[in-house]
Amino acid sequence: MTAMLEMRNVSKSFAGVQALRDVNFSVHAGQIHALVGENGAGKSTLMKVLSGVYPAGSYEGTIVFEGEERRFRDINDSEALGIIIIHQELALIPLMSIAENIFLSHPPSKFGVIDRDEVYRRTRELLAQVGLKESPDTLITDLGVGKQQLVEIAKALSKRVRMLILDEPTASLNEADSAALLERLMAFREQGIGSILISHKLNEVAKVADHITVLRDGRTVDSIDCHAEPIQEDRIIRSMVNRDMAHRFPERSAKIGEPVMTVENWSVYHPIHPERQVIKNVNFGVKRGEVVGIAGLMGAGRTEFAMSLFGRSWGTNISGHLRLEGREIALPSVAAAIDAGLAYVTEDRKQLGLILADDVRKNITLASLDQVAPGKVIDDIAELKIASDYRNRMRIRCSDVYQETGQLSGGNQQKVVLSKWLMTDPKVLILDEPTRGIDVGAKYEIYCIINELAEAGRGVVVISSEMPELLGICDRICVMNDGAFVGEFNGADATQEKIMRAIMRNERSNSVPEAAEMGGSQP
Amino acid sequence: MTDKTVSLPEEGRHGGFIKNNLRNYGMLMSLIAIMLFFQVMTGGTLLQPLNLTNLVLQNSYIVIMALGMLLVIVTGHIDLSVGSVAGFIGAVAALLMVTYKVDYTLAFIACLALGAAIGAAQGYWVAYFKIPSFIVTLAGMLVFKGLALAVLQGQSLGPFPATFQKLSSGFIPEMLPEAGTLHPTSMLIGAVLALGLVYASAKGRSREQSHGIEVEPYAFFLGKSILLACAVLYFTYLIASHRGLPNVLVIMTALIALYGFVTRRTVIGRQIYAVGGNAKAASLSGIKTEWLTFLTFVNMGVLAALAGLVFAARLNTATPKAGLGFELDVIAACFIGGASAYGGVGRVGGAVVGAMIMGVMNNGMSILGIGIDYQQVIKGLVLLGAVCIDVYNQRR
């Protein structure tokens with residue numbers, strides 16, 4: 001079988017920095033080829049070379065697609081041949097419908113007038129093909145991220161697609177949506193479409209990939225034929241980071257003390273639909289030195305719960321009791337929450353965590369400016385020293401603290417956000433998806449930081465959709481579903497199955513509320 | 001995943017400094033180039049003491065409003081009503097001082113308070129009701145233009161008390177014996193200012209150095225300081241050889257220094273930039289984003305009122321047409337000075353230089369006898385060009 005795509009000896013450098021060195025990469029028709037590597041390993045650069053974002057001539061090496069050497073001048077050239085790239089950041093227009101988005105660039109038309117019947121007919125076909133049960137009229141903004149991802153794929157399929165490139169398609173999807181997406185990918189394999197899957201989630205890669213290529217520092221360091229040999233995650237990780245990651249999670253010995261934060265009968269309503277109760281009278285607690293995980297599916301209410309605690313930054317009609325170190329307190333604002341010793345590290349660091357246009361220094365001191373500003377006037381030298389100090393302690397890789405945070409990699413951005421919250425010296429930190437979109441090496445560093453925080457006697461709450469992560473770092477795991485806690489496990493006893501079972505049991509009982517009530521009334 | 005993480009190649013230290021500073025001082029160089037151009041084209045009229053004094057007086061109210069507008073733009077908003085508000089306040093001032101014979105100090109304070117109230121009223125809708133500032137202040141523009149007409153009943157009202165006129169047409173009193181045409185007090189103040197500036201920056205530099213912070217190369221620093229001192233001295237010399245420092249220039253300089261300090265060095269300044277950079281992230285960092293947005297509009301109202309008073313005092317009469325179109329010059333000054341329309345970026349120095357570029361062009365073209373028609377065309381193109389250069393620089 002000859003390869004559908006062959007990239008030979010591709011090299012590319014930016015202003016003296018070699019991003020790719022002699023990379024060889026080939027994909028067969030009907031093959032899912034996974035491309036893995038740490039952030040900055042060159043995966044995106046390679047895909048940009050392939051799709052023509054970096055035009056022919058700006059790199060060395062050759063691209064052969066369907067038997068001919070190709071020199072793409074821009075992304076239109078590669079799209080014309082059916083090479084479609086779906087980016088990590090979705091490029092859909094939120095206030096347009098599914099149908100309008102799918103046929104944005106080339107709507108079927110007669111004499112320049114859009115043929116609506118045809119648009120709808122074809123949209124329905126495409127949605128059926130990707131397994132999305134939504135009306136073509138639905139606005140993108142009303143869809144979850146998982147469904148939006150499927151719309152992107154439907155959009156790709158509306159063009160003549162020969163090769164699909166997915167850049168971390170499941171980064172922000174929950175387990176169920178990810179599984180559905182990967183199933184689609186396997187269906188495309190049957191249709192002879194070649195796929196390139198860039199992903200940090202090795203279990204997914206292991207599930208669907210026919211071939212795995214590992215990039216490190218712009219070179220191909222490993223190439224695994226998944227049908228010829230068994231997939232060993234450890235081997236992949238070793239190749240990716242060039243160090244033995246037998247322990248993907250740092251060791252820790254927990255020294256758990258008094259309760260530092262307790263929440264009783266907490267209830268929160270939706271800010272736009274005030275009749276909807278999102279958090280249903282829950283109880284929750286974290287002790288000094290303890291790492292508590294909150295597991296759950298996307299939409300379970302975990303982020304909403306955390307943000308409602310953090311100075312009522314989400315929801316309306318919030319009621320319940322919140323105690324910090326035994327004292328009941330009301331936190332009417334974020335400023336009050338910070339003063340009381342609460343910190344919330346957002347799941348969406350680009351939109352909610354950082355000021356991307358500002359430098360590392362300004363971002364770190366933002367939540368605790370008073371510490372460097374006696375009399376409300378900023379002492380710039382004190383500020384610089386503190387920021388540099390955090391840069392060293394957290395090992396933030398940046399040219400200096402005056403570098404814009406927008407230029408940093410995901411892992412380093414996350415460390416800046418963590419530094420900002422550490423500087424407020426919190427008693428309790430709530431970390432919402434702290435390792436989303438971060439490579440394996442940086443993840444390990446974040447886990448170490450979490451451990452250090454707990455060891456320093458702080459209470460740490462970790463919200464995560466990656467169950468292995470919760471299992472690896474938490475002393476206790478609470479499972480949330482539909483705005484209530486439906487299970488709690490000791491870190492040592494918990495397994496993925498148990499957590500999933502707790503969620504699923506609750507899902508089922510929710511769908512037949514009468515039955516649940518009957519069950520509850522029996523002795 | 002981003003590829004931007006790759007470390008940039010080490011640049012020669014001096015090269016790096018010059019490049020960075022070119023971007024910072026780009027607009028200042030444009031101003032100097034434009035001044036030189038008109039100086040040559042007008043055969044030296046531009047920098048004659050009389051003309052320079054007039055230039056300052058003519059543009060003082062634009063500069064004053066640009067300081068407030070910069071903050072509004074930095075928070076990601078815009079204020080289209082400033083011209084109308086300035087006109088309205090001028091009308092109210094005339095009503096108070098001319099018709100009702102209210103004491104000028106009291107009237108002055110009342111007018112500033114009224115400006116604050118107007119800013120608060122508009123800021124409330126923008127900050128707490130989340131109505132786009134474009135719409136709120138467009139409404140304000142119509143309302144206050146109308147109110148100015150109503151207050152004046154379509155007529156001009158004047159003249160103002162002589163002391164009030166001094167706000168715009170007065171010069172600082174001469175304390176020292178006159179030396180020919182030169183006003184020694186003004187010259188002295190200029191010299192002290194120049195020395196003070198150089199001293200402050202030298203002190204800042206040595207303080208940074210003592211903490212082991214990388215500073216600009218000494219030669220560069222020295223050159224910059226000498227240039228700065230010379231520019232201040234030359235400027236004061238020119239001004240002092242006409243009638244001395246105008247009162248309004250003193251007010252303006254104090255305000256520029258104050259706003260420069262607030263934006264660069266204070267907590268509230270930093271927080272205002274954070275609101276414009278990413279309001280959601282700022283709010284989740286405990287910053288009261290709505291309150292700060294509200295405050296920037298209150299501040300804008302006060303400065304618009306001050307500008308209105310300065311303008312009324314200069315004309316010595318309040319007219320229904322006062323303030324017409326000021327907002328355009330003020331907004332243009334901020335954008336020419338490098339403020340970003342998306343918020344979060346902009347410098348006080350930039351806005352001031354932007355205002356001066358507009359002022360010098362107005363003045364220079366008038367001297368050259370270019371009609372008001374083509375003046376507008378040229379100013380429009382300069383605005384577009386300046387912003388294009390800025391966007392291009394940021395993309396690189």
Quick one: work out Rg over Rh on the C-alpha atoms of chain A, Rh as Kirkwood radius. 0.98
Using R₀ = 56 Å, calculate the FRET efficiency as 1/(1 + (r/R₀)^6) where r is the Cβ-Cβ separation of B:Tyr25 and B:Gln153; round to 0.05. 0.70
Rounded to the nearest Å, the spacing of the alpha-carbon centers of segment A:61-119 and segment B:34-83 is 49
Rank these for me by crowding, A:Glu38, A:Glu229, A:Glu6, going from fewest to most other beta carbons within 10 Å. A:Glu229, A:Glu6, A:Glu38
Cα pair distances in the protein assembly as shown, grouped into 20 Å bins until the bin that holds the longest one, percent each: 12, 37, 34, 15, 2, 0
If one computes the Cα centroid of segment B:347-396 and of segment B:99-120, what distance in Å separates the two points? 33
For A:Gln232, placing the label point 7 angstrom along Cα-to-beta-carbon and taking segment A:195-224, residues whose amide nitrogen sits under 17 Å are A:203, A:206, A:212-214, A:221-224
In this structure, the FRET efficiency calculated for B:Leu258 and A:Thr62 from their beta-carbon separation, with R0 = 41 Å, to the nearest 0.05, is 0.05
The exposure ranking of A:Cys398, B:Cys230, A:Cys448, A:Cys478, fewest beta-carbon neighbours within 10 Å first, is B:Cys230, A:Cys448, A:Cys398, A:Cys478
For a label point 7 Å along the Cα-to-beta-carbon line of B:Ala341, residues of segment B:64-99 with backbone N under 13 Å: B:77-78
Taking 19 Å as the cut-off for C-alpha to C-alpha distance, list the pairs among A:Lys12/A:Lys43; A:Lys362/B:Lys130; A:Lys12/A:Lys48; A:Lys48/A:Lys443; A:Lys362/B:Lys280; A:Lys362/A:Lys420 that go past it. A:Lys362/B:Lys130; A:Lys48/A:Lys443
Rank A:Tyr390, A:Ser409, A:Leu366 by how far each Cα sits towards the positive end of the charge dipole of segment A:358-425 (+1 on Lys, Arg Cβ; -1 on Asp, Glu Cβ) and give me just the farthest. A:Ser409
Quick calc, A:Ser13 & B:Leu36: beta-carbon distance into FRET formula, R0 60 Å, rounding 0.05, result 0.90
Here segment B:296-303 yields Karplus 3J(HN,Hα) values (6.51, -1.76, 1.60; θ = phi - 60°; whole Hz; Gly and Pro given as x) of 5, 6, 4, 4, 4, x, 5, 5
Charge tally in the Cβ shell below 11 Å around A:Arg288, where Lys, Arg are +1 and Asp, Glu are -1, A:Arg288 excluded: 0
Working out 0.36 nm times the residue gap between B:Ser206 and B:Val391, then minus their Cα-Cα distance, what length gain in nm do you get to one decimal? 63.2 nm
Got a sec? How would B:His77, B:His242, A:His273 order by Cβ neighbour count within 10 Å, fewest to most? A:His273, B:His242, B:His77
Quick check: pseudo-label points 7 Å beyond the Cα along Cα→Cβ at B:Ile268 and A:Ala176, how many nm apart are they? 5.1
Determine the sum of side-chain charges near A:Val27: Lys and Arg each +1, Asp and Glu each -1, restricted to other residues whose C-beta is under 12 angstrom from that of A:Val27. -1
Mind checking the mean number of beta-carbon atoms from other chains within 10 Å of the Cβ atoms in B:270-283? 6
According to a simple spin-label model (label point 7 Å from Cα along Cα-to-Cβ), what is the distance in nm between A:Arg21 and A:Asp217? 0.6
Taking the simple approach of a point 7 Å from Cα along Cα-to-Cβ for both B:Lys101 and B:Ile370, what is their distance in nm? 4.9
Rounded to a whole number, the Stokes-Einstein D of segment A:3-240 in µm²/s (Kirkwood radius over Cα pairs; 4 °C; 1.567 mPa s) is 70
Find the eigenvalues of the gyration tensor of the Cα atoms of segment B:174-245, then list the square roots of 5 times those eigenvalues as equivalent ellipsoid semi-axes, largest first, in whole angstrom. 32, 12, 6
From a point 7 Å beyond the Cα of A:Met504 in the direction of its Cβ, which residues of segment A:129-162 have a backbone N at a distance under 20 Å? none
Rg and Dmax of segment A:358-425, using alpha carbons, in Å: what are they? 11.0, 35
Provide the gained length on full extension for the span A:Gln191 to A:Thr316, in nm with one decimal, where the gain is 0.36 nm per separating residue minus the Cα-Cα distance. 40.1 nm
Inter-chain shielding metric for A:354-363, i.e. average beta-carbon neighbours from other chains within 10 angstrom, reads 5
Two-decimal log10 I(q)/I(0) for segment A:8-61, as the Debye equation yields it once each C-alpha is a single scatterer, q = 0.17, 0.22, 0.24, 0.32 Å⁻¹: -0.54, -0.88, -1.03, -1.45
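Bear in mind that the values in this text are calculations on the coordinates, not laboratory data. No experiment lies behind these values; they were computed from the predicted model shown. So basically every Cβ, Gly included, is an ideal-geometry build from the backbone, and we count neighbours across all protein chains shown.
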